[in-house]
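Here's the structure, in structure tokens; my notes come after.
The values are calculated or read from the model by the stated rules, or taken from the named source; none is laboratory data. The structure presented is a predicted model; accordingly, all values stated were derived computationally and were not measured. FYI the Cβ positions are ideal-geometry reconstructions off the backbone, even for glycines, and counts take in every protein chain you see. Heads up: the accessible areas ignore ligands, DNA and RNA and are worked out on the full protein's heavy atoms, side chains in. Shrake-Rupley method; radii C 1.70, N 1.55, O 1.52, S 1.80 Å.
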Amino acid sequence: MNDDYYELLGVSREASTEEIKKAYRKLARSLHPDVNPDPEAAERFKKVSQAYETLSNADKRRQYDMGGGPGMGGGGFGGFSGGAGFDVNDIFDMFAGAAGMRGRNQGPVPRQRRGGDVLRRVKIDLRDVVFGTEQEVNFRTAVLCEHCGGACAEPGTSPTRCTACNGSGHVQRVAQSLLGQMVTMAPCPTCEGHGDVIETPCTSCAGHGRTPSDRSVTVRIPSGVENGTRIQLRGEGETGEAGGPSGDLFVELAVADHDVYVRDGDDLVMTMAVPMTSAALGATIPLETFDGAQEIDVKPGAQPGDEITLKGLGVTPLRRERRGDIRVVLDVAVPSSLTDEERELLEQFAALRGDESTRRKGHGPFSKLRDRLRDL
């Protein structure tokens, strides 16, 4: 082996012990066999480990710098001597959470678990959006077991300490690796990591501490909500296992379409068909709103598309008190057919206004015949 230890670790010959250790840990994270199965990576890991063992020990590094050669590491791979404060467990720490987890500070896993969240969709009317409302939400979910009160064990009994792990919830496992023996911790298969065993499970909930049941929750729906709004009710969802905290209930709102009004922000918009004569002469037209009957004052000469506003009769927005408005868009209705009398009156009206030039007149060979027939 003629590799230069400093080059293997990627440090200069003046590097401090801390720099050498930092460089080695960085390389070990990418080359360790537990994370990199490539055989070439394993071979390189052996070399950088031997380089670290030599350069991290002051005496061995001095001999190496004096020309002692790469073999001055002494123990080879797997023979760490712990020089310069090196602890082989540092390597284990780098892979904690993977196969090399030591679990020194781990305790039993609690049986209590948070319950799941529940989502229910509720359909409401536009009136409910304007004023707000309350509605019952019915759903089936898990509730606390009444028989054992969430203890999971049959009343009169209690869980017993697991003899396989002595109540710790974990057992040791010894595995061989390139570093030698690795002692890892794994959940106890007997108690599933809980540290105790329920020998007599509750007959009502089968040892889960909860049972399925139908529930009914009253939800307050504020004014101003929109289609798709979700209301969160904390702790009203599924009860957790073994008496654990409950999840949340989410109520998603679906606003039904209205026959007359369409929401536009905080305003309510509707289109009102107005007869041509009412638009020309003006009129007062009744309108039913969510606040009761109102009157629409159509001014003489109203045009198609004109808007009439009723202040403060729209939607009350969330977290504010001022309501929006009702906006009435006028649609002037022109009759599609006329009686002879209606036609005559309109022609007289057009003559009075000097609008005869805009009337459609025939200029073909049959126009005179049509006029004569009309005069008969």
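If packing is taken as the average number of other Cβ atoms within 10 Å across a peptide's residues, how do 281-290, 264-273 rank, most packed first?
264-273, 281-290
Taking the simple approach of a point 7 Å from Cα along Cα-to-Cβ for both Thr190 and Glu307, what is their distance in nm?
In this crude spin-label approximation the distance works out to 7.7 nm.
Taking the simple approach of a point 7 Å from Cα along Cα-to-Cβ for both Ser158 and Ala350, what is their distance in nm?
Label at Ser158, label at Ala350, 10.1 nm between them.
P(r) for the range 261-339: what percent of alpha-carbon pairs falls in each 10 Å bin, starting at zero?
The percentages, shortest bin first, are 19, 44, 26, 9, 2, 0.
Can you pull the percent of the range 1-66's accessible area that's carbon plus sulfur, 1.4 Å probe, other chains left in place?
With neighbouring chains kept in place, the figure for the range 1-66 is 46 percent.
Quote to one decimal, in nm, the extra length available between Thr17 and Met272 on full extension: 0.36 nm per residue of separation minus the C-alpha distance between them.
Extending this stretch completely gives an extra 83.2 nm.
Can you give the extra length, in nm with one decimal, that the chain gains between Leu119 and Glu226 once fully stretched, where that is 0.36 nm per residue apart less the Cα-Cα distance?
Gain on extension, Leu119 to Glu226, equals 36.8 nm.
Taking the simple approach of a point 7 Å from Cα along Cα-to-Cβ for both Val197 and Asp259, what is their distance in nm?
Simple spin-label model gives 7.0 nm for this pair.
Provide the FRET efficiency to the nearest 0.05 for the Asp4-Val35 pair, computing r from the beta carbons and using R0 = 22 Å.
With a Förster radius of 22 Å, E is 0.30.
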